[in-house]
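Only one structure is covered here, and it is reproduced in the block below.
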Amino acid sequence: MGTLIKVCSVSELPPGSMKGIEHDGKRILVVNVEGTVHAWDGTCTHEEYDLSMGFLTGDSVTCALHLSRFNLLTGEAVNPPAEKPLARYEVKIAEGDILVEVA
Ligand code: FES
C-alpha cells in the first residue's frame with residue numbers, strides 16, 4: 001500500500017474541472033468527470049508536457065503542446081501523436097477530501 005496525499009476538498013474540484021499537482025517530482029492530474037474523481041499521470045506520454053495546461057472536454061483531456069487526446073476513464077491515448085496510455089492512480093474520498101495514493 002502506498003501513501004495517501006491530500007489533493008483538495010471535493011468542493012474545490014466540481015464536475016468538469018481538473019487540477020495538476022506534483023509529488024516527489026511527478027505530475028498527477030486529478031479530474032472530476034461527471035461527479036467521479038479520477039487521477040492519472042499528469043505528464044503527456046508524447047513529449048512530457050504538463051497535461052494540466054491542456055483542455056478538458058467531457059471525459060478527455062487534450063495536451064496543449066501537440067494536441068494528443070487522452071480518455072480520462074481509461075487513460076488511453078485516443079488522438080496522436082501520443083500512443084502510450086496514462087498510468088492511473090487510486091483515488092479515495094475521505095471526510096470531504098480527495099486523496100490520491102502514491103507509491
Ligand atoms: S507533448 Fe503532449 S502531444 Fe506532444
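Residue 34 fulfils the conditions (1) in contact with a Pro (Cβ under 6 Å, 6 or more places away or on another chain); (2) surrounded by 14 or more Cβ atoms within 10 Å (Cβ to Cβ); (3) not β-branched (Val, Ile, Thr) except for a single criterion, (2).
Within the group 82, 103, which residue is farther than 22 Å from residue 10 by Cβ and away from the ligand (no atom under 15 Å from the Cβ)?
Working: 82 fails: away from the ligand (no atom under 15 Å from the Cβ).
Of 82, 103, the one residue that is farther than 22 Å from residue 10 by Cβ and away from the ligand (no atom under 15 Å from the Cβ) is 103.
Exactly one residue out of 33, 37, 61 is touching an Asp or Glu at 6+ places or on another chain (Cβ under 6 Å) and either more than 9 Å from the ligand (Cβ to nearest atom) or within 30 Å of residue 94 (Cβ to Cβ) (or both), and it is 33.
Does residue 103 satisfy being among the small types (Gly, Ala, Ser) and at pLDDT below 95? Yes: the conditions hold for residue 103.
Checking 87, 77, 64, 94 one by one, the residue that is surrounded by 20 or more Cβ atoms within 10 Å (Cβ to Cβ) and modelled with pLDDT of 95 or more is 77 and no other.
Whenever a residue of the range 56-82 is over 19 Å from residue 36 (Cα atoms), its partners that are more than 9 Å from the ligand (Cβ to nearest atom) and of a type in the set (Ser, Thr, Tyr), lying with C-beta atoms within less than 9 angstrom and at least six residues away or across chains, give the pairs 69/57; 69/60; 78/60; 79/60. Within the range 21-49, residues that are of a type in the set (Ser, Thr, Tyr) and modelled with pLDDT of 95 or more have Cβ atoms under 7 Å from residues that are assigned to a strand (DSSP E or B) and within 16 Å of the ligand (Cβ to nearest atom) in these pairs: 43/27; 43/50; 45/77, counting only partners at least 6 apart in sequence or on another chain.
The values are calculated or read from the model by the stated rules, or taken from the named source; none is laboratory data. Here the structure is a predicted model, which means the values were calculated and not measured. Don't worry about glycine lacking a Cβ; one is built from the backbone with ideal geometry, like all the others, and counts go over all protein chains shown.
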